Amino acid sequence: MRATGPAGCSRARALSRRLLSAGTLLPALAAAVAFLAFLTLTFKHLSYPLIWADESDTVMFAQRVLEFGYPKVDDGKNVVYGLHPHLLPDGSLGLRASRGLGAYTGAPWAYYYFGAIGVALAAGSDDLYAKTAWLRLPFAMAGVLGLAVLLWGMLETVGGSLRSRLAFAAAWWALAAWSISLILHLREARYYGLIVFLSCSLLVVFLRHQLLGRLSTPRYWILASGLLFLIFNTLYPVYAIFCVALGLSLIGSALRSSAPARDRLRGLLLGAAPLLASLALCLPLLAFFEFVEQTQGWMKDWGASLGRYAASLGTVVLILARYEFLLPALGMRLVVALGPSRADDAAARLRRRFASLLCLFCVCYALMISLVPFIWERYFVALSPAITGLLLLDTWTFAGRLRAAPRQLGNRVAAALLASCFAVVVGLRVPELRGRVHEITHRYQGPLDYIIPYLRERHPDPAELVIATNYEEPAYMYYLGGRVTVGFYGANLQEDLAVQPDVIVFRPWKQQSWALERLRRRARYRSHAFPVESSKTNNVPGLSPDSAGRGLVHRFETQYAEGAARVTILERVPDPSAPR
């Protein structure tokens, strides 16, 4: 034990000297600055605004996990439910498979259990915004860790000097800081950060076993099977995407191999073992969570056709081209794939193989996620680090070819065109970066940031309130602890209509607005308006107005309003004739 101390200190001193040497000081500083910029853009004002609809769904089911051990729909006071009842004729979707438990089976549970970490941490604070920061922190940290894991894996393929690796790390974190869409999604108390971590980790496990040979087969089986199982239980379409992408990669490797047919088949089966093992684990869950019934309901509700698929695929490509680095990544991939590779060293050949895997993953992801009849930007957030990694790996390979043949006309033309494409893409995203900087220097407030603190301050015991609203109802349940009725999906509508609420909050959604109007007419209410716009959501992470065709986009600053545009709540006027 004593021998390891001085040896460790010696290695640390040697590394410090290398970092402080003239050749590595500049890239080391650049990597540190880029990383700090990314962390600032990600974690600054993590507490603002209060959670919106999707986050509140995660938080309330996570709270039920702490209370009951699983995401229970009805706790005796409030019903939390997240599917349109009409997706099945009997309205039982998300409940039918577990009526004895009353568990929610409309979505996988991994991120509810993961979210329970933040809910447990938030329980120690009484401040609304401190609670919000704790709720989001585990998901944001998971996303950042996923990016770090993928960077660590890619550095294995960079080769060369410490200076080159530091420069690669600096470029990685700089591009991540410029990916505002990715940053906004990582900050959400939702599955986005978790799926980024799991996806990046699986890609690195595959890299280290299949390409680097630095991970033993038993460890590869355990890690890959476990990660695939967790991915299924976080966002099940991504599980199918990985099975196809990794399966095709294994088949391609077997076909390219010059080994005997028996050895190629053996290698293929050994590599595919985690896919088969995870499939055996996930098949029973497929029926339990009613994913097939959900898909059938969505297809019937939204319609399935070749035209809709083409439109969805076009939406995915346009969003990635506008808000991520898809265009320069595709351009660089084309140049590297078609260019001469004779001068490539071993590291460059390894980079090309891993870049090909990332490219295959991105293609499979785009093609398969477009089968979903409605597209949200958040569905393919895991593509952001994969596209950025693809761009950087191919850029390093192309840079090596440029150094080997700096005067070659084709290389110089390609470099000029790619640099121009990259500059255009970066320039197009300046407004989002400017908006994010404004957001971390000014406090954004949405409708809930006015309504919930107002009710909390006005009522000595907000847990005794009955609030009727048609959107973001789980947020009221979490922050105020009272009974919340009606909701966006109207899962408990008949029972809710029998209860006269103390507060009614109309949100600009057509869903269940008729129910709120019926409740309003049955008692006397006075209105109270707030100086903020009555927007459809408290906020959303998506930047593209093309997501699902709803035009719901992230707002970087508070949208103040006057007159009828303001968000308004109705507070019940006590009946003076009622017995006290």
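Each value in this text was obtained by applying a stated rule to the coordinates, not by laboratory testing. Note that the structure is a prediction, hence the values are computed from the model and not measured. Cβ atoms come from the backbone with ideal geometry, glycine included; neighbour counts cover every protein chain shown.
Just add up the charged neighbours of TRP109: K/R +1, D/E -1, any other residue whose Cβ is under 14 Å from the Cβ of TRP109.
Every neighbour counted, the sum reads +1.
Which percent, nearest 5, of DSSP beta bridges in the chain are antiparallel?
Roughly 65 percent of the DSSP beta bridges within the chain come out antiparallel.
Assuming R0 = 35 Å, can you tell me the calculated FRET efficiency for the pair LEU162 and ASP127, based on Cβ-Cβ distance, to the nearest 0.05?
Efficiency, from the Cβ-Cβ distance: 0.20.
Figure the gain on full extension for VAL430 and LEU155 (residue separation times 0.36 nm, minus the Cα-Cα span) and round it to one decimal in nm.
Details: separation 275, 0.36 × 275 = 99.00 nm, distance 2.84 nm.
Value of the extension gain: 96.2 nm.
Stretch LEU318-ARG11 to full length: gain in nm at 0.36 nm per residue minus the Cα-Cα span?
105.7 nm
I'd like the distance separating the alpha-carbon centroids of the stretch 332-394 and the stretch 162-232, in whole Å.
Here the answer is 14 Å between Cα centres.
Can you sort THR58, THR441, THR315 so the residue with the fewest Cβ neighbours within 10 Å comes first?
In order of increasing Cβ crowding within 10 Å: THR441, THR315, THR58.
Run the simple label-point estimate for LEU25 and ALA419 please: 7 Å along Cα→C-beta, distance reported in nm.
For LEU25 paired with ALA419, the spin-label model returns 2.7 nm.
Karplus couplings for the stretch 478-486 from phi (6.51 cos²θ - 1.76 cosθ + 1.60, θ = phi - 60°), rounded to Hz, Gly and Pro as x?
Coupling constants for the stretch 478-486: 6, 6, 9, x, x, 8, 10, 10, 6 Hz.
FRET efficiency for LEU493 and TYR560, Cβ-Cβ distance as r, R0 = 30 Å, nearest 0.05?
The pair LEU493/TYR560 has a calculated efficiency of 0.35.
Could you state the principal axis extents of the C-alpha atoms in the stretch 443-490, from the largest down, to the nearest angstrom?
Principal-axis extents of the stretch 443-490 (Cα, largest first): 31, 26, 13 Å.
Let me have the relative contact order for the chain, percent, based on Cα pairs under 8 Å that are six or more residues apart.
Relative contact order, the chain: 17 percent.
Treat every Asp and Glu Cβ in the chain as -1 and every Lys and Arg Cβ as +1, leave all other atoms uncharged, and give the resulting dipole magnitude about the Cα centre to the nearest 20 debye.
2340
Explain nothing, just compute: Karplus ³J(HN,Hα) = 6.51 cos²θ - 1.76 cosθ + 1.60, θ = phi - 60°, for every residue of the stretch 348-357 in order, whole Hz, x for Gly and Pro.
Once θ is set to phi - 60°, the couplings for the stretch 348-357 become 5, 5, 5, 4, 4, 5, 5, 4, 5, 5 Hz.
To make sure I understand, if each residue's beta carbon is the centre and we count other beta carbons within 10 Å, what order do SER47, SER341, SER10, SER258 fall in, fewest to most?
SER258, SER10, SER341, SER47
Take the Cβ-Cβ distance between LEU285 and TYR309 as r, set R0 to 35 Å, and report the resulting FRET efficiency rounded to the nearest 0.05.
The pair LEU285/TYR309 has a calculated efficiency of 0.85.
How far apart, in nm, are the 7 Å Cα→Cβ label points at SER257 and LEU101?
Here the answer is 4.0 nm between the modelled labels.
List, in order, the whole-Hz ³J(HN,Hα) value for each residue of the stretch 421-437 obtained from phi through the Karplus relation with A = 6.51, B = -1.76, C = 1.60 and θ = phi - 60°; use x for Gly and Pro.
Result, rounded to whole Hz: 4, 4, 4, 5, 4, 5, x, 5, 9, 4, x, 5, 5, 4, x, 5, 4.
If each residue's Cβ is checked for other Cβ atoms within 10 Å, how do ARG262, ARG518, ARG353 rank with the fewest at the top?
By the 10 Å Cβ count, ascending, the order reads ARG262, ARG518, ARG353.
For the stretch 288-400, state what percent of all Cα-Cα pairs lands in each successive 10 Å bin, counting from 0 Å until the bin that includes the largest distance.
13, 37, 26, 16, 7, 1
Angle between the Cα long axis of helix 306-323 and the longest principal axis of the chain, 0 to 90 degrees, nearest 10?
Computed tilt is about 70 degrees.
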